[in-house]
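The values are calculated or read from the model by the stated rules, or taken from the named source; none is laboratory data. The shown structure was predicted, so the numbers you read here are calculated from the model rather than taken from an experiment. Here the Cβ positions follow ideal geometry from the backbone for every residue, glycine too, while neighbour counts run over all protein chains shown.
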Amino acid sequence: MTTYGSTGAAVPQTEDIFYRSHDDLVLYVRKYGSDDAPARPLLCLAGLTRNGRDFHDLAVALSTHPTHPRAVYCLDYRGRGRSEWDKDWRNYSALIELQDIEAFLTLRGLSDVAVLGTSRGGIITMLLAITRPAAIGCAILNDIGPVIETAGLARIMGYTGKIPVPADWDEALRVVRDINKRQFTALDNAGWRSWTRQLFNEDAEGRPAPAYDPNIGKALSEIDISKPVPTMWEHFESLRSVPVMVIRGEHSDLLSAATVQEMQARHPRLTPVLIPNEGHAPLLKDRFSERLIADFLIDADSTWHAVPRPPLPEPQEIFSV
């Protein structure tokens, strides 16, 4: 049941979930909405160094939708957000993160979900289409496709794990703006402040703290950008049986318009969306994006049939606060 605050706005039901990975790391998921919601659950997978906070506004909107509310799960990969850091930087790989996500789906009894993947999350979505094709009812790829542009990858490699922790929130805002201002040309001051809060944790003294393990940059540096980046067309085509939306930022340097065009040619039910004035990756915080995503998910819900879920695992495997 949806509740409403004093302003009349819908207030989502939320739950903090912690679970253990196969190698005993404690990983975090924030859930919005109810298990009994009538629409297909949505799994939100963030970018390389990002976390589930990126999806907060969207998750609130979707979980409190007036006619089609759904449960929304926003995951923090290992080494990001509120999840535990890995002592072995080599484990910061899409394949290991895929295992963590598969473990969560199994533990939570989720056998048919919509998946929204931003950048790294979209790569994992395409991998999941190979390993668990029946688990994906529809997919949204946010500024990622089967071809990764080297220019964008090089830009990301240039700062990942190399930015000193800002002394205060004003400095943090300046850092975020300096890195992203060429890609996000219409963001106002409130938008920059909100984004900065997403990108950093807050320590006990109220100062910005790292929201990802800098060693992720070490794992990323293993990619040799002097050679062509392997494509993922085979993985993408594993999504042919389900509706797919691909979102591209107008200024993106990671996903090209040509790749989106080829994705359309290869997928009969692909919905392309261009977000103006944004680059890699679109923030999905505006009403336009929220409405398009909500409508896409509602259309895809026609193939969803709720199935009885098994009992949740014992507390040592998964626990909520």
Taking into account only those residues within segment 217-249 that are acidic (Asp, Glu) and over 22 Å from the mean Cα position of the chain (by Cα), which is surrounded by the fewest Cβ atoms within 10 Å (Cβ to Cβ)?
Asp224
Ile101 versus (1) aliphatic (A, V, I, L, M); (2) crowded, with 18+ Cβ neighbours inside 10 Å; (3) part of a loop (DSSP other than H, G, I, E, B): which is the lone unmet condition?
(3)
Since Ala257 meets every condition but one in (1) free of Cβ contacts under 8 Å to residues at least 40 places away in the same chain; (2) among the aliphatic types (A, V, I, L, M); (3) more than 24 Å from Ser289 (Cβ to Cβ), which condition does it not meet?
(3)
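Condition check ((1) within 28 Å of Gly152 (Cα to Cα); (2) modelled with pLDDT under 95) across all residues:
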| position | (1), (2) |
| --- | --- |
| Asp36 | no, yes |
| Leu43 | yes, no |
| Gly52 | yes, no |
| Asp57 | yes, no |
| His68 | no, no |
| Asp76 | yes, no |
Condition first: more than 18 Å from the chain's Cα centre (by Cα) and polar (S, T, N, Q). Now tell me which residues in segment 120-135 satisfy that.
Thr131
Listed residues Asp86, Asp35; which is surrounded by 20 or more Cβ atoms within 10 Å (Cβ to Cβ), of a type in the set (D, E, K, R), in contact (Cβ under 8 Å) with a residue 60 or more places away in the chain and in a loop (DSSP other than H, G, I, E, B)?
Asp86
Within segment 228-251, does at least one residue satisfy the condition of being in contact (Cβ under 8 Å) with a residue 40 or more places away in the chain, of a type in the set (Phe, Trp, Tyr) and in a helix (DSSP H, G or I)?
yes
Residue in segment 4-26 that is closer than 28 Å to Pro214 by Cα and free of Cβ contacts under 8 Å to residues at least 60 places away in the same chain present:
yes
Which of the following residues is outside any loop (DSSP other than H, G, I, E, B), touching a Cys at 6+ places or on another chain (Cβ under 6 Å) and not polar (S, T, N, Q): Ala190, Ala114?
Ala114
Is it the case that segment 195-204 has a residue that's part of a loop (DSSP other than H, G, I, E, B), within 27 Å of Ile140 (Cα to Cα) and not hydroxyl-bearing (Ser, Thr, Tyr)?
no
Look at Tyr19 and say whether it is aromatic (Phe, Trp, Tyr), under 17 Å from the mean Cα position of the chain (by Cα), at pLDDT 95 or above and surrounded by 15 or more Cβ atoms within 10 Å (Cβ to Cβ).
no
What are the residues in segment 65-121 that are of a type in the set (Ser, Thr, Tyr), in contact with a strand residue (DSSP E or B) (Cβ under 8 Å, 6 or more places away or on another chain) and over 18 Å from Glu15 (Cα atoms), if any?
Thr118, Ser119
